[in-house]
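See structure below.
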Amino acid sequence: MYTYLLFFHSIFRWLVLVSLLFALFKGVRGWSGKLSFTKRDDRVRHMTATISHVQLTLGYLLYFNSPFIAYFRSNYHEAVKHFDFMFFGMIHITLMTISIILITIGSSIAKRQQNNESKFKTMVIYFGIALLIIFLAIPWPFSPLANRPYLRLF
């Protein structure tokens, strides 16, 4: 099960990034161009939040089924001395949870705004901050913090 979770978590990373980038593109374009917030824009907002929630759920399932994290929890005082354990045991999950909370709050506030400009502006600000946090917390292959491949296969 762990291998499958790792694979789907890796795939959904790209869906989250693409949906966030697309939502930000739509948001910046709508905000700067003073466009109407259409049903399509609302679907993009909603789908971005939904995809992010699925990814967070996969991440939590992975976290609580990971032998890596089991070692971290059972040998905490030894594990925190190694940055890989610290990154995945605390930093990654905390930053990702914060980013999904920001996406959720931004999506919810944008949905309730009265005018088009406020909807786009809220989406851009909250989704943009969340995207920055996500970029920092992803274990990219080139990252000095912790590195993993772009895509995990079975």
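Read-outs throughout are calculated quantities, based only on the coordinates presented, and are distinct from any laboratory measurement. In this text, all values refer to a predicted model and were calculated from it rather than measured experimentally. Cβ: placed from backbone, ideal geometry, glycine included. Neighbour counts: every protein chain shown.
Some notes on this structure:
- Signed unit charges on C-beta, dipole axis of the chain, positive-most listed residue H46, G30, L20: G30
- Neighbourhood net charge (13 Å Cβ-Cβ; Lys/Arg +1, Asp/Glu -1) for P139: +2
- Using C-alpha pairs under 8 Å with a sequence gap of at least 6, the mean separation divided by the residue count of the chain gives a relative contact order of 32 percent.
- The Rg/Rh ratio of the chain, with Rg taken over Cα atoms and Rh as the Kirkwood radius over Cα pairs, comes to 1.05.
- Only alpha carbons enter this Debye calculation for the stretch 111-154, each as an equal point scatterer, and the log10 of I(q)/I(0) it gives at q = 0.16, 0.32 Å⁻¹ is -0.58, -1.03.
- Cα convex hull of the stretch 20-72 - mean projected area over all directions, nm²: 4.5 nm²
- Most fluctuating residue given options M123, M47, M90, as computed from a GNM of the chain linking Cα atoms under 10 Å: M90
- Part-to-part distance (alpha-carbon centres) for the stretch 117-154 and the stretch 28-86, which is given in Å: 9 Å
- Rounded to the nearest 20, the Cβ-based charge dipole of the chain about its Cα centre (Lys and Arg +1, Asp and Glu -1) stands at 600 debye.
- P(r) histogram, all alpha-carbon pairs of the stretch 59-146 included - 10 Å bins from 0, percent: 17, 36, 25, 15, 6, 0
- Only helices enter the 222 nm calculation for the chain: every DSSP H run of n ≥ 4 contributes -39,500 (n - 2.57), and dividing by all residues gives -25500 deg cm²/dmol, rounded to 500.
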